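**Student:** Below is the structure I would like to discuss, written out as structure tokens.
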Amino acid sequence: MTSNLHRDFSQYSDMISGIFQKISAKEAWEEYKLSDEQVDFFKENGYLHNIKILEDDQIDTLNKELAEITDPSHPKNDLFYEFNSNESEDPNAVLFHSLGHWRITEGFHDVLWNPRFVVAACQLLGNKAVRFWHDQLFCKPAKHGGVVAWHQDYSYWTRTIPMQHLTCWVGLDDATVDNGCLNYIPKSHKWNLLDKIGLAGNMDSLKDLLTESQKKEYDKKVSIEMPRGYGSFHHPLMVHGSYENKSNQSRRAFVLNVFADGTISNSNEEMLAGVPPIQKGNKMDGQYFPLLFDPDHIS
């Protein structure tokens with residue numbers, strides 16, 4: 001399919017290119033299903049990492065698309081829900097952060113239906129049907145990439161209930177301690193919901209909200225180093241963040257946020273900029289929240 005710069009790809013609720021293999025739900029389940037041990041690790045620790053999501057050619061395609069859409073003059077820039085060339089506003093601590101790129105390019109649209117992603121997401125949501133919430137890009141340039149402060153994802157998502165969400169972080173570069181890889185506090189998904197904080201501000205601002213016992217766990221963080229194309233899934237209450245990039249290598253990554261089918265709106269306000277509101281109490285579905293995978297189609 002030939003790209004059309006004037007088309008909003010959210011109009012398509014299935015793959016529109018040949019970047020990813022299009023197979024049946026049953027075939028995808030048989031080929032990419034997580035082991036029981038992996039699912040148990042996620043339940044106990046709140047995360048599961050080092051899951052292969054992309055092949056090298058797919059990474060190259062996405063990086064090419066990324067280079068195009070980070071230009072504020074891109075003709076489809078108005079389709080972003082959010083676009084921050086530098087969310088930190090400090091030129092010495094750059095953090096590119098955006099939402100909505102799935103509407104703009106074929107690759108970032110189709111990665112939502114990537115079999116490697118949707119099967120794992122279904123399992124980690126308790127074998128429930130998976131519906132798309134929103135995507136994100138986080139890019140830290142070499143030598144002066146900024147932080148993403150410690151936070152819980154669901155603190156930003158209380159406009160949707162119940163809490164049956166999941167996040168997948170995928171590196172488009174090798175992710176290392178030196179270039180600002182993802183960090184987790186294991187088992188923090190069992191904590192209470194904390195207030196939301198500014199993502200590009202003080203790295204440790206969340207610590208002021210913790211109990212004394214939580215502060216002790218806070219110091220037990222683990223760094224999630226992974227080769228490019230590999231992903232890490234985490235629970236919506238998982239406390240996570242990433243430090244600055246002072247290395248000579250960029251650290252580009254995208255995030256896919258999903259929830260179990262049946263999630264409903266908890267607000268009469270718009271969910272995402274430019275998206276028509278879904279009235280409180282109504283199911284989250286439609287053009288902007290498409291169904292990605294249904295385990296009922298496996299048999």
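**Student:** What span do the alpha-carbon atoms of the chain cover on each of the three principal axes, reported in whole Å from largest to smallest?
**Tutor:** 49, 41, 40
**Student:** So, counting K/R as plus one and D/E as minus one, what does the shell of residues with Cβ under 12 Å around Lys283 add up to?
**Tutor:** Every neighbour counted, the sum reads 0.
**Student:** Taking 8 Å as the Cα distance limit and 6 or more residues as the minimum spacing, I'd like the relative contact order of the chain as a percentage.
**Tutor:** For the chain, the relative contact order is 28 percent.
**Student:** What number comes out for accessible area per residue over the chain if the probe is 1.4 Å? Units Å², please.
**Tutor:** Accessible area per residue, the chain: 42 Å².
**Student:** Next question. D for the stretch 1-89, whole µm²/s, Stokes-Einstein with Kirkwood Rh over alpha-carbon pairs at 37 °C and 0.692 mPa s: what number?
**Tutor:** 195
**Student:** Each residue of the stretch 78-92 in order: what ³J(HN,Hα) in whole Hz does its phi give by Karplus 6.51 cos²θ - 1.76 cosθ + 1.60, θ = phi - 60°, with x for Gly and Pro?
**Tutor:** 5, 7, 5, 6, 9, 8, 10, 4, 8, 5, 6, 6, 9, x, 9
**Student:** Leaving out ligands, DNA and RNA, and with a 1.4 Å probe, what % of the accessible surface on the chain is carbon or sulfur?
**Tutor:** Reported share for carbon and sulfur atoms: 45 percent.
**Student:** Strictly over 25 Å apart at the Cα level, which of Lys26/Lys280; Lys187/Lys280; Lys33/Lys128; Lys128/Lys280; Lys26/Lys76; Lys196/Lys216 would you flag in this model?
**Tutor:** Lys26/Lys280; Lys187/Lys280; Lys26/Lys76
**Student:** Stick to the Cα atoms of the stretch 80-215, pair each with every other, and give me the Kirkwood hydrodynamic radius in Å at one decimal.
**Tutor:** 16.8
**Student:** What is the gain in length, in nm to one decimal, between His297 and Thr211 on full extension, counting 0.36 nm per residue of separation less the C-alpha to C-alpha distance?
**Tutor:** Length difference between fully extended and current span is 26.5 nm.
**Student:** Another question, if that's okay. Might you report the magnitude of the Cβ-based charge dipole of the chain about its Cα centre, with Lys and Arg at +1 and Asp and Glu at -1, to the nearest 20 debye?
**Tutor:** 520
**Student:** Additional query: Taking amide hydrogens as modeled 1.01 Å from N in the peptide plane, which residues meet the under 5 Å criterion relative to Ala142, leaving out close sequence neighbours?
**Tutor:** The answer is Ser250, Arg251.
**Student:** Taking the Cα centroid of the stretch 171-214 and of the stretch 277-299, what is the distance between the two, rounded to the nearest whole Å?
**Tutor:** 29
**Student:** Also, quick follow-up: Order His235, His151 by their accessible area, 1.4 angstrom probe, all chains in place, largest first.
**Tutor:** I get His235, His151, largest accessible area first.
**Student:** Further, regarding this structure: Please compute the net charge surrounding Arg252, taking Lys and Arg as +1 and Asp and Glu as -1 over other residues with Cβ under 14 Å from its Cβ.
**Tutor:** With Lys, Arg at +1 and Asp, Glu at -1, the net is -2.
**Student:** Next question, about the same structure. Just by accessible area at a 1.4 angstrom probe, what is the order of Arg252, Arg103 from largest to smallest?
**Tutor:** Sorted descending by solvent-accessible area, the residues read Arg252, Arg103.
**Student:** Also: Leu66: accessible area at probe 1.4 Å, nearest 10 Å²?
**Tutor:** 10
The values are calculated or read from the model by the stated rules, or taken from the named source; none is laboratory data. The structure displayed is predicted, hence computed values, not measured ones. Heads up, the Cβs are rebuilt from the backbone with ideal geometry, glycines too, and the neighbour counts pull from every protein chain shown. Accessible surface areas use protein heavy atoms only, side chains included; no ligands, DNA or RNA. Shrake-Rupley method; radii C 1.70, N 1.55, O 1.52, S 1.80 Å.
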